[in-house]
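Have a look at the structure below, then the notes.
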Amino acid sequence: MDGPFQGTPIQQHKVADAVAEWMRYINITFTRFEGQTATIRITMDPAQEWWSHVGLDATLIPFTESTMNLAWIDPSPTVLADEHAIILHEFGHVIGLVHERQSPVRGGKLTLNEAGMYTMATW
């Protein structure tokens, strides 16, 4: 791994802008920290999907490993809506949010409303 945050300065700026959005809406502060001991260590490996460890799980990962992958952030200065949304999504995991399908409230069962899914797909 090449430091805690790979990517070009433009890609890093896109991540910082998305992270700032979280800070505007919830009582949290993210501080950029250069060094192997940063809690969130971002790689940009296009051979992998986008992913992040959830909440404090990142503190259990050895400092030589990444805790988040932000693959495919475009190196151009234009911020694409989907990449901004994915950065927000992955940092949601950083603050402890899980996917709805992982909620303990659903009791381990997943029921799909197929008709509703097809209706949503057509709007």
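Since every read-out is calculated from the coordinates, none of them should be taken as a lab result. Quick caveat: nothing in here was measured; it's all calculated off a predicted structure. Glycine gets a Cβ as well: all are built from the backbone with ideal geometry, and neighbour counts include every protein chain shown.
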Cα-projected label distance for Asp82 with Arg32, points at 7 Å along beta-carbon direction, nm: 2.7 nm
In order through segment 18-29: 3J(HN,Hα) via Karplus (6.51 cos²θ - 1.76 cosθ + 1.60), integer Hz, x for Gly, Pro: 5, 4, 4, 5, 4, 5, 6, 10, 10, 7, 9, 10
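Tell me, Val94, Val105, Val19 in order of fewest to most beta-carbon neighbours within 10 Å? Before the final figure, lay out each step's value.
Values: Val94 22, Val105 5, Val19 18.
Taking fewest neighbouring Cβ atoms as first place, the list is Val105, Val19, Val94.
If you keep only loop residues by DSSP, which GluC sites (Glu not before Pro) in segment 9-82 have at most 14 other Cβ atoms within 10 Å of their Cβ?
Details: sites: Glu21, Glu34, Glu49, Glu65; in loops: Glu34, Glu49, Glu65.
Answer by residue number: Glu34, Glu49, Glu65.
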HN-Hα J in Hz across segment 82-94 - Karplus 6.51, -1.76, 1.60, θ = phi - 60°, x for Gly and Pro: 5, 6, 4, 4, 5, 4, 4, 4, 5, 6, x, 4, 4
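Please find the FRET efficiency linking His89 to Ala115, where r is the Cβ-Cβ separation and R0 is fixed at 25 Å, and quote it to the nearest 0.05.
On the way: r = 27 Å, r/R0 = 1.07.
E(calc), rounded to 0.05, equals 0.40.
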